[in-house]
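Written below as structure tokens is the structure these notes are about.
No lab work stands behind these numbers, since they all come straight from the coordinates. From a predicted model like this one, the values you see are computed outputs, not experimental measurements. Every residue, glycine among them, receives a Cβ derived from its backbone with ideal geometry; neighbour counts consider all protein chains shown.
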Amino acid sequence: MISALALISLWLGVIFVLLGALGLARFPDIYNRMQAATKCVTLGVCGIMLGVFLKTGFSALGIKALICALFILVTVPVSSHALARGSLIAGVKLWKGTVKDKFTEDRGGKSIIEEEK
Amino acid sequence: MIPIIVLIPAALFCLYRALQGPSIADRAIAVDMMGVVFSAITALVALQYRLSYLLDISIALAVISFIGALALAKYLEGRSLDD
């Protein structure tokens, strides 16, 4: 029972990581890429670590995997938030199909949506 | 063994974006994600061979990619590191 749960969690994590990395390679601009990559990779790596924990139980391996999952769950959203804010301030353009740009509307600046060519 | 082989294309996608990415923020997020994917691969290798000390390397990789991403974000905002 526990072993089947561990296998399901591990494979769900692997599929999530693969699809998130595919999104990182294929999406049109950095904000879309960041959304695909950080969300899917966080959940996927946490699933993999949970699978390792369920497979090995309360051994040195399992406890370290649990600690690593908690650390990744806390830090990856923080770093992606900081990078998104930094790239907005540095003026990286949004994709040309973007509908709304609330950030520059609030700041009253020039829009950073990419021009249609 | 099979999950490790499935995860290698994920790391290659991140590497593609890190080499190709038009802006520096693309490269930063790609390298950050590559560190996290490598920490997952290391955890799977540790599970395969039952070597608990490999998970220390996994935690260290996660810490290093986190600190590197924060430093790059500060650089992108145009502030210095001791600001």
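Values for this structure:
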| item | result |
| --- | --- |
| Calculated P(r) of the protein assembly as shown - Cα pairs past 27 Å, % | 32 percent |
| Long-range HN-HN contacts of A:I113 with modeled amide H, under 5 Å | A:L94 |
| Cα-derived Rg to Rh of the stretch B:1-54, Kirkwood definition | 1.09 |
| Where only alpha carbons of the stretch B:28-83 are counted, the Rg and the Dmax (Å) | 14.1, 45 |
| Cβ-based net charge around B:M33, under 15 Å, with every Lys or Arg adding one and every Asp or Glu removing one | +3 |
| Semi-axes of the equivalent ellipsoid for chain A, Cα gyration tensor, largest first, Å | 38, 15, 8 |
| Local electrostatic count at A:F58 - Lys and Arg +1, Asp and Glu -1, tallied over other residues with Cβ under 15 Å | +3 |
| Alpha carbon convex hull of the stretch A:61-117, projected area averaged over orientations, nm² | 5.8 nm² |
| Unit charges on C-beta of K, R, D, E only; dipole of the protein assembly as shown, Debye | 260 debye |
| Volume per residue of the C-alpha convex hull in the stretch A:1-44, rounded to whole Å³ | 38 Å³ |
| Within the protein assembly as shown, helix-based [θ] at 222 nm, where runs of 4 or more DSSP H residues each add -39,500 (n - 2.57), nearest 500 | -27500 deg cm²/dmol |
| Computed magnitude of the charge dipole of chain A (debye, nearest 20; Cβ of K, R +1, Cβ of D, E -1) | 100 debye |
| Spatial separation of Cα centroids for the stretch A:79-112 and the stretch A:52-78, in angstrom | 34 Å |
| When the convex hull of its Cα atoms is projected in every direction, mean area for the stretch A:34-86 (nm²) | 3.3 nm² |
